[in-house]
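First up is the structure itself, then whatever we jot down about it.
The values are calculated or read from the model by the stated rules, or taken from the named source; none is laboratory data. All of these numbers come straight from a predicted model, not from anything done at the bench. Here the Cβ is made from the backbone with ideal geometry for all residues, glycine too, and neighbour counts use every protein chain on show.
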Amino acid sequence: MEDLLKVGVITTTHGVRGEVKVFPTTNDAERFLDLDYVLLDTGRELRRLDIENVKFFKNLAILKFEGVDNINDIEMYKGRDLWIPREEGQELGEDEYYIADLIGMKVLLEDGSVFGVLKDVMETGANDVYIVKTNDGKEVLLPAIGDCILDVNLEENCMTVHIMKGLLE
């Protein structure tokens with residue numbers, strides 16, 4: 001399991017005083033209100049940035065970091081990821097998982113045969129969709145619903161799925 005969880009991506013600057021617009025990669029943008037800091041992936045290292053202020057605009061969080069008071073201090077980090085340590089992550093409910101824990105998971109069919117590997121998760125309005133690369137190299141989209149995803153076992157890094165009629169056509 002990953003030690004860090006991605007919470008957002010800096011999309012652009014906001015004004016000239018060092019604020020940035022962040023696209024949240026969590027299911028709740030207001031999550032930033034509970035955070036004291038984030039770790040910025042600079043490309044060479046993870047840099048701790050203490051959060052001074054949070055506000056929201058449409059689907060974005062606008063963050064102001066302590067000690068970053070000029071657009072020039074932050075502009076170079078457009079497109080960079082923001083992370084938090086796993087222990088700062090929110091408590092998950094039953095049948096909830098961090099995406100980072102699902103990526104790379106072996107996907108098994110009901111009979112125990114290997115179907116493929118989970119490559120990515122698409123977050124849609126109704127439910128997530130798992131992108132599975134099958135053994136023959138194809139991509140299959142599986143809705144993350146109880147009828148399709150039968151079991152997720154984080155310890156064994158595998159999930160068991162039921163292929164509903166029409167999903168492979």
note = When the range 57-77 is checked residue by residue, the ones that are surrounded by fewer than 14 Cβ atoms within 10 Å (Cβ to Cβ) and either outside the structural domain of GLU19 (by TED's automatic domain parsing) or under 15 Å from VAL7 (Cα atoms) (or both) are ASN59
request  = Those residues that are under 18 Å from the mean Cα position of the chain (by Cα) and either of a type in the set (Lys, Arg) or outside any loop (DSSP other than H, G, I, E, B) (or both), I need them from the range 32-57; list them, please.
outcome  = PHE32, LEU33, ASP34, TYR37, VAL38, LEU39, LEU40, ASP41, LEU46
inquiry  = Looking at the range 58-83 only, could you name the residues that are of a type in the set (S, T, N, Q) and assigned to a loop (DSSP other than H, G, I, E, B)?
reply    = ASN59, ASN70
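Looking at the structure I just gave you, is LEU168 outside the structural domain of VAL107 (by TED's automatic domain parsing), touching a residue at least 24 places away in the same chain (Cβ under 8 Å) and more than 19 Å from GLY93 (Cα to Cα)?
For LEU168, the condition - outside the structural domain of VAL107 (by TED's automatic domain parsing), touching a residue at least 24 places away in the same chain (Cβ under 8 Å) and more than 19 Å from GLY93 (Cα to Cα) - is met.
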task = Output the qualifying pairs, or none if there are none: Cβ atoms under 6 angstrom, residues six or more apart or on different chains, first residue in the range 70-90 and in contact (Cβ under 8 Å) with a residue 24 or more places away in the chain, second residue in a strand (DSSP E or B) and not aliphatic (A, V, I, L, M).
result = ILE71/THR13; GLU75/THR13; LYS78/THR12; ARG80/ASP41; ASP81/LYS6; ASP81/ASP41; LEU82/GLY8; TRP83/LYS6
task = Go through the range 105-126 and count every residue that is surrounded by 11 or more Cβ atoms within 10 Å (Cβ to Cβ), more than 20 Å from the chain's Cα centre (by Cα) and of a type outside the set (Val, Ile, Thr).
result = 5
inquiry  = Tell me yes or no: at least one residue of the range 3-22 is within 25 Å of TYR97 (Cβ to Cβ) and in a loop (DSSP other than H, G, I, E, B).
reply    = yes
Which listed residue is assigned to a strand (DSSP E or B), touching a residue at least 12 places away in the same chain (Cβ under 8 Å) and acidic (Asp, Glu), from ASP147, ASP151, ASP101, ASP120 = ASP120
Matching residues, the range 127-163, being farther than 23 Å from GLU94 by Cα, of a type outside the set (S, T, N, Q) and more than 21 Å from the chain's Cα centre (by Cα) = ASP136, GLY137, LYS138
